[in-house]
1. Could you work out how far apart the two model spin labels at Ile98 and Ser16 are, taking each label as a point 7 Å from the Cα in the direction of the beta carbon, and quote it in nm?
2. If the only charges are +1 at each Lys and Arg Cβ and -1 at each Asp and Glu Cβ, what is the size of the charge dipole of the chain around the Cα centre, to the nearest 20 debye?
3. Treat each spin label as a single point 7 Å out from the Cα along the C-beta direction, and report the Thr108 to Phe23 distance in nm.
4. By how many degrees, between 0 and 90 and to the nearest 10, does the Cα long axis of helix 81-109 differ from the longest principal axis of the chain?
5. Counting other C-beta atoms within 10 Å, and keeping those with at most 12, which DSSP coil GluC sites (Glu not before Pro) do you find in the stretch 8-110?
6. From the mean inverse distance of alpha carbon pairs (Kirkwood) and the Cα radius of gyration, derive Rg over Rh for the chain.
7. Taking the chain as the reference, fit the longest principal axis to its C-alpha atoms, fit the long axis of helix 62-71 to the helix C-alpha atoms, and give the angle between the two in degrees, 0 to 90, nearest 10.
8. Taking 22 Å as R0, compute the FRET efficiency from the Cβ-Cβ separation of Tyr8 and Asp49 and round it to 0.05.
Amino acid sequence: MNDEEVLYERTVDEFSIGPNNLFEFPIDFENQPLEPGEYTYHAVVENEDDSWEFSQNFSITEEQSIEINESAAEIDEGWNWSYIIIGVAAFILTLILIILLLLKKLRTKQ
């Protein structure tokens, strides 16, 4: 990652804030885990008359990353192999059961 790479971006139109206010401005991380490291938050606020810029460097430690990612609503971790294995095993067992029932039915007809 280079120093100028934008990881996440959010644009909002028709947003109203009062002067000297402190508020949280959430950013969608697109269901990806937040990695530990050094970051810079950069914001530009504009209206018809003025423009304001704000930049703040911050760090995310390994411990903070784990805590944030565990509390996230959804993080896309890719394929969950345990669910895939259970699904395939259930499918195979169902096929075996169907085959056994069909064989038993054929034997009783003879």
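Since every read-out is calculated from the coordinates, none of them should be taken as a lab result. Predicted model only: the values in this text are computed from it and were never measured. Neighbour counts run over all protein chains shown; Cβ positions are idealised from the backbone, glycine included.
1. In this crude label model, Ile98 to Ser16 measures out at 6.1 nm.
2. Computed about the Cα centre, the dipole is about 2380 debye.
3. Taking the simple label geometry, Thr108 and Phe23 are separated by 7.0 nm.
4. The two axes meet at around 20 degrees.
5. Taking the stretch 8-110 and a limit of 12 other Cβ atoms within 10 Å, the loop GluC sites (Glu not before Pro) found are Glu9, Glu14, Glu24, Glu30, Glu48, Glu74, Glu77.
6. 1.36
7. Compared with the principal axis, the helix lies near 60 degrees.
8. The calculated FRET efficiency here is 0.20.
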